[in-house]
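Here's the structure we're looking at; comments come further down.
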Amino acid sequence: LDDSFTSAYEELREVFGDRVIFLGFISDTGLFNYLKQCTYFAAFFGSGVRANNTSVNTAMQHGSVVLTNLDEHSPEDYVHMESVVDIRQCRDGLPLDAQALAKIGARAVDVAAVHGWDPLVDLFQSLEPGLKSR
C-alpha cells in the first residue's frame, strides 16, 4: 500500500475510530459478510467510481449504500442520494435518515443489475454462434 492510501486511512480512523475497518483486497464473496452490518460501503477513487468496479457493484447488488466519489465519467445512473452517496456533495454531513438510506439501497439494487455480470453473460450469449468460438 502506498503512502497516499495509508494517510487517507489514518485520517478516516482519526474521525471515525474503530468504526472504520480496512478489509484489504478482499474478494466480493468475503465482502458480502460485512455488508449487512454497515451503514455505508465506502469506496473512493482517484477521479470517480466506474461501472467496472466489482466491489462497488457487489455492495449495490446487496442493497448497501455506497459512499463514493462521482465524476463526469461515472455511470449516469449513479446519482447522489438516489443510488449512491457522493462524498463531494455531502457538505452538511452524511445522510443518516434510515428511510432515505433504505431508499438509496433499494435503488442501488436496480442500478447494480444493469452493471453486473448478468448483462455481460447475456451479451456473450446473444453473439452469433461463429463469434462465440473466437
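Worth a mention:
- The set of residues in segment 32-64 being part of a helix (DSSP H, G or I) and either touching a strand residue (DSSP E or B) at 6+ places or on another chain (Cβ under 8 Å) or open to solvent by 40 Å² or more (accessible area, probe 1.4 Å) (or both) consists of PHE32, ASN33, TYR34, LEU35, THR54, SER55, VAL56, ALA59, MET60, GLN61.
- Residues that are touching a strand residue (DSSP E or B) at 6+ places or on another chain (Cβ under 9 Å), in contact (Cβ under 8 Å) with a residue 24 or more places away in the chain and open to solvent by 20 Å² or more (accessible area, probe 1.4 Å) were ranked within segment 65-94; the one that is farthest from THR39 (Cα to Cα) is ILE87.
- Every test in (1) modelled with pLDDT under 95; (2) in contact with an Asp or Glu (Cβ under 9 Å, 6 or more places away or on another chain); (3) small (Gly, Ala, Ser) is passed by GLY116 save one, and that test is (2).
- All conditions in (1) in contact with a Lys or Arg (Cβ under 8 Å, 6 or more places away or on another chain); (2) at pLDDT below 90 hold for SER55, with the sole exception of (1).
- Some residue of segment 22-31 being modelled with pLDDT under 80, open to solvent by 70 Å² or more (accessible area, probe 1.4 Å) and not hydroxyl-bearing (Ser, Thr, Tyr): yes
The values are calculated or read from the model by the stated rules, or taken from the named source; none is laboratory data. Just so we're clear, the structure is a prediction, and the values are computed from it rather than from any experiment. Neighbour counts run over all protein chains shown; Cβ positions are idealised from the backbone, glycine included. Just so you know, the surface numbers come from the protein's heavy atoms only, side chains and all, with ligands and any DNA or RNA stripped out. Shrake-Rupley method; radii C 1.70, N 1.55, O 1.52, S 1.80 Å.
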